[in-house]
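Report on one structure; see the data block that follows.
The values are calculated or read from the model by the stated rules, or taken from the named source; none is laboratory data. All values derive from a computational prediction rather than experimental measurement. With ideal geometry, Cβ positions are generated from the backbone for all residues, glycine too; neighbour counts draw on all protein chains shown.
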Amino acid sequence: MKLIQSSFAGALRATAVTAAAAASMLAASASHAADPTYFKKYDGMRMSRDAAGVLLVEMNTKGGPIKFSAREHEQFVDAFYDIGRDRNNKIVVLTGTGGQWMGDIDFPSFGNVNDPDVWSKVHDEGTQIVENIANTRVPMICAVEGKAWVHTEYCLLANVIVAGSGATFHDAPHFAGGIVPGDGIFTAWSYRVGPTRAEAMLFDPKPISAATAKDWGAVTEVVPDGRAAARAFEIANAYLKKPEVTRRNTRIHFVQPLKLALIQQTGYGLSLEGASASALVKSFKPAK
């Protein structure tokens, strides 16, 4: 009888140890899933994910407002691919750092854009970035503070845009700088506000307010400055109450028309932009 009791107790202890080990493994697995290696891979993006699966992506340069450069142009291709393929990301919030969304660009970092090899890389990366954002198959919310003056097409690929009242939207690099706005920005603005407004805005680029962007239909909500990300998380938590397949499939359905337009137009537009960049470089040379 004592032998039976001893064996039974040993079995219980073994079961308890096995259960504890399993729990530990599950906890470690959950911890790993919550903090995948790509979170630390791209220094132009600071990523964090809460327990509900809402991924916060903060674009930055050395922890401060991002100055977009060739480095980010290269990194963002893979960064958005990694974000889109990670099914532990239930909703994505895209924002900036230091009170700015993206207000500046480092043109010299791209090198000699008159060189076909250089522009081929810019062309391919530019096409892949917007396609990879469009391939993100969960709801996206863009939270804008301060200047959104560079690559606003990334933001316009979100399902919802929340902007601080002092935020401004602009296309600083393209026509104002002497090159074609061909990287998807015309396609995205046309889809959100209509081609007439998009053409006028991009031919005569100047900052527009968050209130104007809302009136045009690009911005969903305007909130007090400093509240855009917090409001984005409130919206995300409301979405999380719906089944995951419903959330994913709604995003897929809603982004499809814009995705198709980007596939058709971005590569072509970047080819035109490359030719204009070459012409711009040529214009800097003294006449013979």
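Kindly indicate the residue of segment 116-147 that is small (Gly, Ala, Ser) and under 20 Å from Arg71 (Cβ atoms) and also surrounded by the most Cβ atoms within 10 Å (Cβ to Cβ) among those meeting that condition. Lay out the reasoning, then the answer.
The first filter runs over segment 116-147 and keeps only residues small (Gly, Ala, Ser), leaving 120, 126, 134, 143, 146.
The next check asks that each one be under 20 Å from Arg71 (Cβ atoms); those that pass are 120, 126.
Working: Ser120: 12, Gly126: 25.
Ranking the qualifying residues of segment 116-147, first place goes to Gly126.
With the condition kept exactly as written, say whether any residue in segment 106-114 is more than 19 Å from Ala275 (Cα to Cα), crowded, with 21+ Cβ neighbours inside 10 Å and either without any contact (Cβ under 8 Å) to a residue 24 or more places away in the chain or touching a helix residue (DSSP H, G or I) at 6+ places or on another chain (Cβ under 9 Å) (or both). Explain how you work it out, then say what you get.
Kept after step one, since they are more than 19 Å from Ala275 (Cα to Cα), are these residues of segment 106-114: 106.
Narrowing the set further to residues that are crowded, with 21+ Cβ neighbours inside 10 Å leaves none.
No; the residues of segment 106-114 include none that is more than 19 Å from Ala275 (Cα to Cα), crowded, with 21+ Cβ neighbours inside 10 Å and either without any contact (Cβ under 8 Å) to a residue 24 or more places away in the chain or touching a helix residue (DSSP H, G or I) at 6+ places or on another chain (Cβ under 9 Å) (or both).
Looking for something surrounded by fewer than 16 Cβ atoms within 10 Å (Cβ to Cβ), under 25 Å from Ile105 (Cβ atoms) and of a type in the set (Asp, Glu) - is there at least one such residue anywhere in segment 196-208?
Pass one, segment 196-208, residues surrounded by fewer than 16 Cβ atoms within 10 Å (Cβ to Cβ): 196, 199-200, 203-204, 206-207.
Okay, now just the ones that are also under 25 Å from Ile105 (Cβ atoms), so 199-200, 203-204, 206-207.
Cutting the leftovers down to of a type in the set (Asp, Glu) gives us 199, 204.
Yes, segment 196-208 has at least one match.
Have a look at Val162, Val144, Val180, Val222 and point out the one that is among the hydrophobic types (A, V, I, L, M, F, W, C) and within 28 Å of Lys282 (Cα to Cα). Break it down into steps so the answer makes sense when it comes.
On the way: Val162 fails: within 28 Å of Lys282 (Cα to Cα); Val144 fails: within 28 Å of Lys282 (Cα to Cα); Val222 fails: within 28 Å of Lys282 (Cα to Cα).
Result: Val180 is the single residue among Val162, Val144, Val180, Val222 that is among the hydrophobic types (A, V, I, L, M, F, W, C) and within 28 Å of Lys282 (Cα to Cα).
With (1) farther than 25 Å from Arg87 by Cα; (2) at pLDDT 95 or above as the list, and Phe233 as the residue in question, which single condition is left unmet?
Condition (1) is where Phe233 drops out.
I need the full set of residues from segment 230-275 which are closer than 18 Å to Leu55 by Cα and aromatic (Phe, Trp, Tyr), in order please.
Those that are closer than 18 Å to Leu55 by Cα and aromatic (Phe, Trp, Tyr): Phe233, Tyr239.
Which members of segment 272-286 meet the condition of being out of contact with any helix residue (DSSP H, G or I) (no Cβ under 7 Å at 6 or more places or on another chain) and either touching a residue at least 60 places away in the same chain (Cβ under 8 Å) or assigned to a helix (DSSP H, G or I) (or both)?
Restricting attention to segment 272-286, the residues satisfying the condition of being out of contact with any helix residue (DSSP H, G or I) (no Cβ under 7 Å at 6 or more places or on another chain) are 272-273, 275-276, 278-286.
Of everything in segment 272-286, those that are out of contact with any helix residue (DSSP H, G or I) (no Cβ under 7 Å at 6 or more places or on another chain) and either touching a residue at least 60 places away in the same chain (Cβ under 8 Å) or assigned to a helix (DSSP H, G or I) (or both) turn out to be Leu272, Glu273, Ala275, Ser276, Ser278, Ala279, Leu280, Val281, Lys282, Ser283, Phe284.
Test Ala27 against the criterion of being at pLDDT 95 or above, over 24 Å from Asn249 (Cα atoms) and over 16 Å from the mean Cα position of the chain (by Cα), and give yes or no.
Values: at pLDDT 95 or above: no; over 24 Å from Asn249 (Cα atoms): yes; over 16 Å from the mean Cα position of the chain (by Cα): yes.
It is false that Ala27 is at pLDDT 95 or above, over 24 Å from Asn249 (Cα atoms) and over 16 Å from the mean Cα position of the chain (by Cα).
When you check Cys142 against the structure, is it at pLDDT 95 or above, touching a strand residue (DSSP E or B) at 6+ places or on another chain (Cβ under 7 Å), assigned to a helix (DSSP H, G or I) and within 29 Å of Asn237 (Cα to Cα), yes or no?
Details: at pLDDT 95 or above: yes; touching a strand residue (DSSP E or B) at 6+ places or on another chain (Cβ under 7 Å): yes; assigned to a helix (DSSP H, G or I): no; within 29 Å of Asn237 (Cα to Cα): yes.
No; evaluated as a whole, the condition is false for this residue.
Does Gly103 count as under 24 Å from Pro173 (Cα atoms) and surrounded by fewer than 18 Cβ atoms within 10 Å (Cβ to Cβ)?
Values: under 24 Å from Pro173 (Cα atoms): yes; surrounded by fewer than 18 Cβ atoms within 10 Å (Cβ to Cβ): no.
Spelling it out, it is not the case that Gly103 is under 24 Å from Pro173 (Cα atoms) and surrounded by fewer than 18 Cβ atoms within 10 Å (Cβ to Cβ).
Do we have Ser209 as of a type in the set (Ser, Thr, Tyr) and farther than 24 Å from Ser278 by Cβ here?
Numbers: of a type in the set (Ser, Thr, Tyr): yes; farther than 24 Å from Ser278 by Cβ: yes.
Yes, satisfied.
Kindly check whether there is at least one residue in segment 164-172 that is buried (at least 24 other Cβ atoms within 10 Å of the Cβ) and in contact with a strand residue (DSSP E or B) (Cβ under 9 Å, 6 or more places away or on another chain). Spell out how you get there, then give the answer.
The initial filter retains those residues of segment 164-172 that are buried (at least 24 other Cβ atoms within 10 Å of the Cβ), namely 167, 169, 171.
This time we only want the ones that are in contact with a strand residue (DSSP E or B) (Cβ under 9 Å, 6 or more places away or on another chain), so: 167, 169.
Checked against the condition, which is being buried (at least 24 other Cβ atoms within 10 Å of the Cβ) and in contact with a strand residue (DSSP E or B) (Cβ under 9 Å, 6 or more places away or on another chain), segment 164-172 yields at least one hit.
For residues in segment 260-283 being in contact with a Ser or Thr (Cβ under 9 Å, 6 or more places away or on another chain) and of a type outside the set (A, V, I, L, M, F, W, C), which is surrounded by the fewest Cβ atoms within 10 Å (Cβ to Cβ)?
Of everything passing the filter in segment 260-283, Gln264 is surrounded by the fewest Cβ atoms within 10 Å (Cβ to Cβ).
Kindly provide the set of residues from segment 115-125 that are touching a helix residue (DSSP H, G or I) at 6+ places or on another chain (Cβ under 6 Å) and under 13 Å from Leu272 (Cα atoms), ordered by number. Give the derivation first.
Initial filter on segment 115-125 (touching a helix residue (DSSP H, G or I) at 6+ places or on another chain (Cβ under 6 Å)): 119, 123, 125.
Residues satisfying the conditions are Trp119, His123.
Please go through segment 218-239 and give me each residue that is outside any helix (DSSP H, G or I), surrounded by fewer than 20 Cβ atoms within 10 Å (Cβ to Cβ) and either acidic (Asp, Glu) or out of contact with any Gly (no Cβ under 8 Å at 6 or more places or on another chain) (or both), ordered by number.
Residues satisfying the conditions are Thr220, Glu221, Asp225.
Yes or no: segment 125-133 includes at least one residue that is within 27 Å of Glu234 (Cβ to Cβ) and part of a loop (DSSP other than H, G, I, E, B).
No: zero hits.
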